[in-house]
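A.B. asks: Input: one structure, supplied below.
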Amino acid sequence: MLLLPFAGCSLFEDCYPLNIKSWSATKKSGGTLNLISEVDSSMKLKFLVIPAIVIPVAVGVIPFLIGLIFSFTDWNLTVPGVHFIGIQNYIEILRDSSFWEAVLVTIEFTGLAVGIEMLLGSFVAFLLSRNVRGQWFFRSIILIPLTVAPVLSALMWKLMLAPTGGVINYLLGFLGMPNVAWLSNPSTSLLSLVVIDVYINTPFVALLVFAGIQSLPLEPYEAAQVDGASGWFVFKSLTLPMLKPILILALVFRLILSLKTFDIIYATTRGGPAALTTNLHLWSYINSFQYGAIGYSMTGAAILFIMIFALSMWLIKVWSRSVSYMTSSQ
Amino acid sequence: MREVLKVVNLKKSFGKIKAVNGITFSCNEGEISVILGPTGAGKTTTLRLIAGLEQPDEGEIYLDDTIINDLPPFRRSCAMTFEDYALYPHMSVFDNIASPLRAPVRRKQFTPEDVRRIVVETAKLLEIDKLLDRKPSELSGGQRQRVALGRTLVRKPRVFLLDEPIAHLDAALRHRMRAEMKRIFGEVKTAVVYVTHDYLEALALADKIIVLRNGEIQQTGTPQDVYFKPTNVFVASFLGDPPMNFLEAALVRKDGHVFVKVDGMLVSLGEDVDLDLSRKVMLGIRPSDMYILKGDNGGGSGIKVTIRTIEPLGNRYIVTALLSGGKMIKIKLEHRPGVAPGDKVIVGFLPSDVHLFDAQTERALWHGGESNRG
Amino acid sequence: MYMQKREELHKVWIYFGLVATAILVLFPMLWTVSLSFKVPQDITCAVPKFIFKPTLDNYRHLFSIAKLSKSVGTTSLNFPRYFLNSLIISGFGTLLSLLVGVPAGYALTRGKFKKSSTRENIAFTLLSFWFGPEMAILLPLYKLYRTFGLMDSYIGLILLYQLIGVPFVVWMSRSYFLDIPVSIEDASLLDGYTRWQTFWRIDFPLVKPGIAATAVLTFIFEWNNFVFALVVGGRHTMPVTTGALGFISYEAVLWGQMAGAIVISALPEIILAIIVQKYMIRGLTFGAVRG
């Protein structure tokens, strides 16, 4: 039966070490079996990472470094000749009022948009987390703006915000508001862009926070219920602290991605009117492709890069602190 | 009995942690060797080194007198069960058990009919033949464990490596499986290396016990050796529940006899006892080797204690008692103690049950019992 | 009784909020859809019409190139071409990202590195490529591509799009591979399979759904890109994102056709999203939540 072969070990390979002896012998003489030696396979695995590093480096890091070099030159497409001018660009840019205006726009836009998105998104996440009938329908609806291209959503809004014949003005007319040229009016253009950005990105915050809410543990809440804690107390001392990591994560993503907003601005206002919606990212594009000042605009891009880099380093430190705080308290 | 597996001076570190620090042992055909130790002792690492899942920093591993250090796992004649069973979740029980037989290295040897026959027979042996079409997620813990076992049996390896196979089963099932495995491995004449942290399991199953602590072997021997003649304090206290009591003691010579003096009581060790009397010693005595004498009279030789608590465990009683110096000892009795907390009684024990350890090195010096040397 | 009434009142408010959110989210899209079916007069008239006679003219114009170029004058629009370009660039881009990223993700979980923190560092550094302002790369890249003749080429764009795909695929596939217990792979190695065989019979089947969802999301993210195509793309390779802007020019604004273009451009991604709904949460939150 099954177990008998053990005694004589005649049927199956494993019982006889003959294979082992002959295999080792072949290995010593460097036979072809060396090719399938899997002993060090884990050591060789790490080389699979190389293409994934090489391509982004080639298409991303190297151009960036080259661009940094540009920022130390006076390269302008309208003027022949390229010379090294050291940090002159950087000094000049700090005296350029258009640069500072762009910085201001960046801060205003990002601050307002992200602030609203965090609040609104958290609120929507809360709504979505309630157990009501048809919850799946609402949760799926939220996903849609996330997948539609931001440019396309911005264009949709451009259609709606038309001064005459635009449906937004029509609806607001019921509230007694006159027709406003939302995107071209200096006093409303940035605000309109904020609205568009909020529309596009709130679902992201909502989804992230919603997922965070779903993964909250039940036990603390049950304990609080037994203790008879009030709703507000529960929110302040249980929900909020436990959601902190996810909220910070959402903030990190939104802040960083918002600082480099480009497509929705370009598609709707091209940075106008009078550069009132030009943030730093768009500023570098315009200086390059409209004025040809590649070296100079690269300076702006580099500064933006440094801003984002510094901010993300700091935010990520905050985030990891909040996460370790969470896990250690468990 | 042929020697199947030999491990010589195995060393493995992970970063600064020395998981395995110079281990040497051997296993014979048909023998169950149990590696016993607490968590983190290096038991699993040792198993993985034998299996080839890790490479040792130093040392050699021999299988049937051939060095297998350079062989990849799939070339070694070892089969292993994992603590979490490691069943393939997307395959049926049948495919899980058949998996080793279908490996390309062996493909030429087994036809599909062979595979079916072997798997079904193995399943019948483990009483899981009705579950062959199920997926692992549809099985209970005990069933999964048997599937994992089946996967190793099917390979007919030279060495079975079992990593805490019954640790996650409930108590009743664990007892049953202990007996089952003793039976199965009894019929199979391969070497078995069994890893556990449960000393009872080790005592019940093992032909040879290897006690491991912090990557180093503390003692190798039969269950009798390890239980009755532990080589150091660690081994003595690890095998036993409640663990052995240790009391500070000193050696004195009186009238040609050597006594050990503990808490005012003198225990005779005999005449020709070759011990360094100047060393401080620790007296070790198992809770099950102590008994309670009532009253202050009686044979005189005993330790004065005050009863603290009595824990009834069905047909057994664990009594915790306090010595005058503040130290606590536990006594295990098979009958009702007839005392109550707060009582002052005398606890006695036989010299033949005494173990002496060096207070500093913690090595055993002397064991009562058949032979007197430690 | 009181508690029940309070509960029900709460529910009403919640429903109200949810419905309001749904309306706000869907309205712009539904409005755009309606615009795409309107005649030019209905679109530009002062009072927007909610009830109108639908027409397929806009769509017909979109797909007939001759009519498009005639109507706008100098700029020639070619929507089918834009759509095809998006498919080609995003499709091959995603494919390349998968080919490069999945093995890398696997290597980062099972490979042995000198320092164990290297793996997370690599994965995280790759992800941080998403944080960089594109202009910082595009300005020099403009010149580089010009020099090497990669401007307005599929290869140039597909390579550039890897900055989007590779970090994401590596990050997500690493997350999925981490879910597989190492002991299962060890068991397979001991059964007699090589690491290569183990990958295909154990890891790959278990990770397939996750990788599929990652592929879909990568496709969507690459489809959505605008900046890269703007700077480095051109007449031949223009995808729908930059192409949609062509409907607004100094001569005329083709509202209806633009609306139609938006609808068709957004449709594939919405459909894809609905298909992989279940895995979306994990992908969209970058693995922060297992869903």
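The values are calculated or read from the model by the stated rules, or taken from the named source; none is laboratory data. Only a predicted model underlies this, so the values are computations on that prediction, with no experimental measurement involved. Cβ atoms come from the backbone with ideal geometry, glycine included; neighbour counts cover every protein chain shown. What goes into the accessible areas is simple: the full protein's heavy atoms, side chains included, and nothing from ligands, DNA or RNA. Shrake-Rupley method; radii C 1.70, N 1.55, O 1.52, S 1.80 Å.
A.B. asks: So what J values fall out for segment C:209-216 if you push phi through Karplus, 6.51 cos²θ - 1.76 cosθ + 1.60 with θ = phi - 60°, rounded to Hz, Gly and Pro as x?
C.D. replies: x, x, 5, 4, 4, 4, 4, 4
A.B. asks: Leaving out ligands, DNA and RNA, calculate the buried accessible area for the pair B and A with a 1.4 Å probe, summed over both sides, in Å² to the nearest 100.
C.D. replies: Numbers: alone 18310 and 20940 Å², together 36940 Å².
Its buried surface, counting both partners, is about 2300 Å².
A.B. asks: Provide the FRET efficiency to the nearest 0.05 for the B:L322-C:D179 pair, computing r from the beta carbons and using R0 = 60 Å. The partial results should precede the final answer.
C.D. replies: Numbers: r = 52 Å, r/R0 = 0.87.
E(calc), rounded to 0.05, equals 0.70.
A.B. asks: Considering only DSSP states other than H, G, I, E and B, which chymotrypsin sites (Phe, Trp or Tyr not before Pro) in segment C:236-280 qualify as loop sites with at most 16 other Cβ atoms within 10 Å?
C.D. replies: Values: sites: C:F247, C:Y250, C:W255, C:Y279; in loops: C:Y250.
Qualifying residues, ordered by number: C:Y250.
A.B. asks: In vacuo Debye scattering of segment B:1-99, one point per C-alpha: log10 I(q)/I(0) at q = 0.13 Å⁻¹?
C.D. replies: For segment B:1-99 at q = 0.13 Å⁻¹, log10 I(q)/I(0) is -0.52.
A.B. asks: Nearest 100 Å² is fine: how much accessible area is buried between C and A, summed over both sides, with a 1.4 Å probe?
C.D. replies: Numbers: alone 17470 and 20940 Å², together 30670 Å².
The summed interface area works out to 7700 Å².
A.B. asks: Still on this structure: I need the P(r) histogram for the protein assembly as shown: all alpha carbon pairs, bin width 10 Å from 0 out to the longest distance, whole percents.
C.D. replies: P(r) for the protein assembly as shown, in whole percents per bin: 2, 9, 14, 16, 15, 13, 12, 9, 6, 3, 1, 0, 0.
A.B. asks: Something else now. Pull up the cross-link candidates among the lysines for C:K143, meaning alpha carbon to alpha carbon under 25 Å and not fewer than 8 places away within one chain.
C.D. replies: Straight-line reach from C:K143, under 25 Å: A:K260.
A.B. asks: What does the charge add up to near A:V205, with Lys and Arg as +1, Asp and Glu as -1, over the other residues with Cβ less than 15 Å from its Cβ? Write down the numbers at each step before the final one.
C.D. replies: On the way: positive: A:R139, A:K244, A:R254; negative: A:E117, A:D197.
Surrounding charge for A:V205 is +1.
A.B. asks: Output the residues of segment B:171-198 meeting this criterion: accessible area (heavy atoms, 1.4 Å probe) in the chain alone minus accessible area with all protein chains in place is 20 Å² or greater.
C.D. replies: For segment B:171-198, once contacts with the other chains are taken into account, B:E187, B:V188, B:K189 lose 20 Å² or more.
A.B. asks: In addition: Return the single residue from B:G215, B:G348, B:G326 with maximal mean-square fluctuation; model: Gaussian network over chain B, springs between Cα atoms under 10 Å.
C.D. replies: B:G326
A.B. asks: For chain C, what does the convex hull of the Cα positions come to per residue, in cubic angstrom?
C.D. replies: Values: hull volume 63.6 nm³, N = 291.
Output value, Cα hull per residue: 219 Å³.
A.B. asks: Among the GluC sites (Glu not before Pro) in segment B:193-292, which ones are in a DSSP loop with at most 11 other Cβ atoms within 10 Å of the Cβ? Mind listing them? Write out the running numbers ahead of the final one.
C.D. replies: On the way: sites: B:E201, B:E216, B:E248, B:E271; in loops: B:E271.
Those satisfying the criteria are B:E271.
A.B. asks: May I pose another question? What's the extension gain from B:K130 to B:D95 if we count 0.36 nm per residue and subtract their Cα-Cα distance?
C.D. replies: On the way: separation 35, 0.36 × 35 = 12.60 nm, distance 1.40 nm.
Answer, rounded to one decimal: 11.2 nm.
A.B. asks: Compute the whole-percent fraction of alpha carbon pairs in chain A spaced more than 31 Å apart. Walk me through the numbers on the way to the answer.
C.D. replies: Values: 30552 of 54285 pairs.
Within chain A, distances greater than 31 Å cover 56 percent of Cα pairs.
A.B. asks: Under a 5 Å amide H to amide H cut-off, with H placed in plane at 1.01 Å, what residues pair with B:Q219 once short-range neighbours are removed?
C.D. replies: So B:Q219 has HN proximity to B:V211.
A.B. asks: Also: Can you compute the modelled spin-label distance between C:F148 and C:F204, with each label point 7 Å from Cα toward Cβ, in nm?
C.D. replies: Simple spin-label model gives 3.1 nm for this pair.
A.B. asks: Here is a follow-up. Treat each spin label as a single point 7 Å out from the Cα along the C-beta direction, and report the C:R60 to A:L240 distance in nm.
C.D. replies: Distance between label points: 6.1 nm.
A.B. asks: If you roll a 1.4 Å probe over the heavy atoms of the protein chains, what accessible area per residue do you get for the protein assembly as shown, in Å²?
C.D. replies: Values: 45050 Å² over 995 residues.
Per-residue value: 45 Å².
A.B. asks: Could you give me the ³J(HN,Hα) list for segment C:138-152, computed from phi with Karplus coefficients 6.51, -1.76, 1.60 and θ = phi - 60°, whole Hz, x at Gly and Pro?
C.D. replies: Per residue, the Karplus-derived 3J(HN,Hα) values read 5, 4, x, 5, 3, 5, 4, 5, 4, 5, 8, x, 9, 5, 6 Hz.
A.B. asks: Pairs of Cα atoms under 8 Å, at least six residues apart: use those to get the relative contact order of chain C, whole percent. Show your work: numbers first, answer last.
C.D. replies: Values: 301 pairs, mean separation 79.2, N = 291.
About 27 percent, as a whole number.
A.B. asks: What part of the accessible area of segment A:96-329, given as a whole %, is carbon or sulfur when the probe is 1.4 angstrom?
C.D. replies: On the way: 6960 of 9970 Å².
C and S fraction of accessible area: 70 percent.
A.B. asks: Between A:W314 and A:D227, what is the label-point separation in nm under the 7 Å Cα-to-beta-carbon projection?
C.D. replies: 3.5
A.B. asks: Below 8 Å between Cα atoms, with a sequence gap of 6+, how large is the relative contact order for chain A in percent? Numbers along the way, then the final one.
C.D. replies: Working: 308 pairs, mean separation 80.4, N = 330.
Once divided by the residue count of chain A, the mean separation gives 24 percent.
A.B. asks: Quick one: which bits of segment A:44-90 get at least 50 Å² less accessible when the partner protein chains are in, versus the chain alone, with a 1.4 Å probe?
C.D. replies: Buried by the other chains: A:L45, A:K46, A:L48, A:V49, A:A52, A:I55, A:P56, A:V59, A:P63.
A.B. asks: Between segment A:153-192 and segment C:206-261, what is the separation of their alpha carbon centroids in Å?
C.D. replies: Value for the Cα centre distance between the two parts: 25 Å.
A.B. asks: Taking a probe of 1.4 Å and counting only protein heavy atoms, give the total accessible area buried between chains C and B in Å², rounded to the nearest 100.
C.D. replies: Numbers: alone 17470 and 18310 Å², together 34130 Å².
It comes to approximately 1700 Å² buried between C and B.
A.B. asks: Using only the Cα atoms of segment C:2-55, construct the convex hull and provide its projected area averaged over every direction, in square nanometres to one decimal. Don't jump to the answer; show the numbers that get you there.
C.D. replies: Details: hull surface 19.9 nm².
Reported value for the Cα convex hull: 5.0 nm².
A.B. asks: May I ask you to derive the FRET efficiency for A:T188 and A:S215 from their Cβ-Cβ distance with R0 = 35 Å, giving the value to the nearest 0.05? Walk me through the numbers before you get to the answer.
C.D. replies: Numbers: r = 40 Å, r/R0 = 1.15.
FRET efficiency, A:T188 to A:S215: 0.30.
A.B. asks: Report in % the part of the accessible area of segment B:212-367 that belongs to carbon and sulfur, leaving out ligands and nucleic acids; probe 1.4 Å.
C.D. replies: Values: 3840 of 7870 Å².
Reported share for carbon and sulfur atoms: 49 percent.
A.B. asks: Check the straight Cα-Cα distances from A:K236 and name the lysines below 27 Å, setting aside those fewer than 8 residues away within the same chain.
C.D. replies: Answer for A:K236, where 27 Å is the Cα cut-off: A:K244, A:K317, C:K5, C:K11, listed by chain and number.
A.B. asks: Using only Cα atoms, what Kirkwood radius does segment C:77-132 have, in angstroms? Let's see the in-between values first.
C.D. replies: Details: mean 1/r = 0.0732 Å⁻¹.
When all Cα pairs of segment C:77-132 are included, the Kirkwood radius is 13.7 Å.
A.B. asks: If you roll a 1.4 Å probe over segment B:55-145 with all protein chains in place, what percent of the accessible area is carbon or sulfur? Let's see the in-between values first.
C.D. replies: Details: 1790 of 3940 Å².
Roughly 45 percent of what the probe reaches on segment B:55-145 is carbon or sulfur.
A.B. asks: If r is the Cβ-Cβ distance from B:T39 to B:L350 and R0 is 41 Å, what FRET efficiency results, to the nearest 0.05? Can you show the working numbers first?
C.D. replies: Numbers: r = 35 Å, r/R0 = 0.84.
About 0.75, to the nearest 0.05.
A.B. asks: Residue by residue through segment A:139-155, what is 3J(HN,Hα) from phi via Karplus (6.51 cos²θ - 1.76 cosθ + 1.60, θ = phi - 60°)? Round to whole Hz and write x for glycine and proline.
C.D. replies: My calculation for segment A:139-155 gives 5, 6, 4, 4, 5, 5, x, 5, 8, 6, 4, x, 4, 5, 4, 4, 5 Hz in order.
A.B. asks: Can you pull out the trypsin sites (Lys or Arg not before Pro) in segment B:127-197 whose DSSP state is coil and whose Cβ has at most 14 other Cβ atoms within 10 Å?
C.D. replies: Answer by residue number: there is no such site.
A.B. asks: Using helices alone, I'd like the mean residue ellipticity at 222 nm for chain B: each DSSP H run of four-plus residues gives -39500 (n - 2.57), total over residue count, nearest 500.
C.D. replies: Working: 8 runs with 78 residues, N = 374.
Using -39500 (n - 2.57) per qualifying helix, the result is -6000 deg cm²/dmol.
A.B. asks: Bins of 10 Å, beginning at zero and ending with the bin holding the largest distance: percent of Cα pairs per bin for chain B, please.
C.D. replies: Calculated over all Cα pairs of chain B, the distribution is 5, 20, 25, 21, 15, 9, 4, 1, 0 percent.
A.B. asks: Are there any residues in segment C:108-139 with a reduction of at least 50 Å² in accessible surface when going from the isolated chain to the assembly of protein chains? Probe 1.4 Å, please list them by number.
C.D. replies: The answer is C:K112, C:F129, C:F131, C:P133, C:M135, C:A136, C:L139 - residues whose exposure falls by at least 50 Å² when every protein chain is included.
A.B. asks: Place a label point 7 angstrom from the Cα of B:T306 along the Cα-to-Cβ direction, then list the residues of segment B:345-362 whose backbone nitrogen is under 18 Å away.
C.D. replies: So the set is B:345-347.
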